[in-house]
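The values are calculated or read from the model by the stated rules, or taken from the named source; none is laboratory data. For clarity, every value in this text was computed on a predicted model and none was experimentally measured. Cβ placement follows ideal geometry from the backbone for every residue including glycine, while neighbour counts extend to all protein chains displayed. Surface areas here come from the heavy atoms of the whole protein model, side chains and all, with no ligands, DNA or RNA. Shrake-Rupley method; radii C 1.70, N 1.55, O 1.52, S 1.80 Å.
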Amino acid sequence: MRITARALRSRVGRFEKRGKWRAAKTMLGQFASHEVAEFPVELEIARPGANSQRHQGLTDKEGFVHFDIRLDPEWSYDDHPAWETVVFHWKTAGEEQCLDAHVIAPGTDTALAVISDIDDTIIETGITGDFRKVMRNWRRVLMQMPEERIIVPGADVFYNALGGGDVLAEGEGHVGETQPATHRPFFYVSSSPWNLFSYLVTYIRGRGLPLGPIFLRDWGLNRETFGSSSHGAHKRAAIDGILGAYPDMKFALIGDDSQGDLTAFADVALENPDRVRAIFIRKVGDAMSPEELNAKAKLKAANIPLWLGTSYDTGHKFLASVGLLADEEARAIVDSVERTDPSAAG
């Protein structure tokens, strides 16, 4: 079981629409974070119906505490994917504090999972292009609450049809309790900073998208953050980690062409041809670059299905090439997307 938490000295951020200046103050508070280093944190876990156990952790200089726990004896998966409840414990001014967290556990029937990008894949940013568009996106981040951000058209319908529903409820639970997850687990990877974690969870939940673990970057004023290869390197490391954690599952990769997802996903697929079932790339930019054309050609030669489109129109032809056309869930994806998108072609 792997889970990460971060200790910050701050008030609880509430993303409420109460004027643009209040919104800016809320978002600036997310970035002007005060990390708490060398802070003791306990993680309480429990097998359903069994006694709980606690594991000790200590935050690093950036406030992160990472738990990587070998479950001995091993915990068996249920038939279907589930969210397992764990609890973090710590002390503030001598008083006991605790907070629930959730860990995704695939089911024994999970054959396919989804790894998705975030920017311009599920949330519109418009950052493709010049410096002015990049700054406009940062203005959106700082001035707009999650409910005000524009969802990529059709993403909610497509993702929920692909995932099969998500009923993770808000509120307090108890350690060891489980809640159903999507039939196909979702994992989100992004080069956005960890400061946006709560913001993105609020957005995903509020838009009715499938919830899943989110892999973000720890930003700093260094080459690792702003170097030309930093975006792809982070994303590749996150995807490799996910594939390594679930060696028996295959994956569908979903992204866009604004930040090199096609070339990055192609590298993953070509190195793991038996693990990547299909690649979906939403086109938001102009003509394909030589690198993208080369990646497309290599995927075709390797018989790894690639979908390229401006909207989430999957189409019967593409699903047939992936081998999902006979799947009732896949047919439901096509039907639901084409009902909501009159421009979709079968």
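Remarks
- Within region 274-294, considering residues that are at pLDDT 90 or above and over 19 Å from Ala238 (Cβ atoms), the one surrounded by the most Cβ atoms within 10 Å (Cβ to Cβ): Glu292
- Those residues of region 55-87 which are closer than 14 Å to Arg2 by Cβ and either assigned to a loop (DSSP other than H, G, I, E, B) or of a type outside the set (Gly, Ala, Ser) (or both), in sequence order: His55, Phe64, Val65, His66, Phe67, Asp68, Ile69, Arg70, Leu71, Trp75, Glu84, Val86
- Condition met for Ala266 (farther than 29 Å from Ala101 by Cα, at pLDDT 90 or above and outside any loop (DSSP other than H, G, I, E, B)): yes
- Check on His55, free of Cβ contacts under 8 Å to residues at least 24 places away in the same chain, open to solvent by less than 90 Å² (accessible area, probe 1.4 Å) and in contact with a strand residue (DSSP E or B) (Cβ under 6 Å, 6 or more places away or on another chain): yes
- Scope region 107-152; condition among the hydroxyl-bearing types (Ser, Thr, Tyr) and modelled with pLDDT of 70 or more; matching residues: Thr108, Thr110, Ser116, Thr121, Thr125
- Here Gln97 meets the list (1) open to solvent by 20 Å² or more (accessible area, probe 1.4 Å); (2) touching a Lys or Arg at 6+ places or on another chain (Cβ under 7 Å); (3) not in a strand (DSSP E or B) almost entirely, failing just condition (3).
- Of all residues making up region 44-83, the number that are under 23 Å from Leu216 (Cα atoms) and either touching a Lys or Arg at 6+ places or on another chain (Cβ under 7 Å) or among the aromatic types (Phe, Trp, Tyr) (or both): 5
- Filtered residues of region 172-216 (kept if among the aromatic types (Phe, Trp, Tyr) and open to solvent by less than 20 Å² (accessible area, probe 1.4 Å)): Phe186, Phe187, Tyr188, Tyr199, Tyr203
- Close pairs from region 232-253: first under 20 Å from Thr108 (Cβ atoms), partner small (Gly, Ala, Ser) and surrounded by fewer than 16 Cβ atoms within 10 Å (Cβ to Cβ), Cβ under 8 Å, at least 6 apart: Met249/Ala111; Lys250/Ala111
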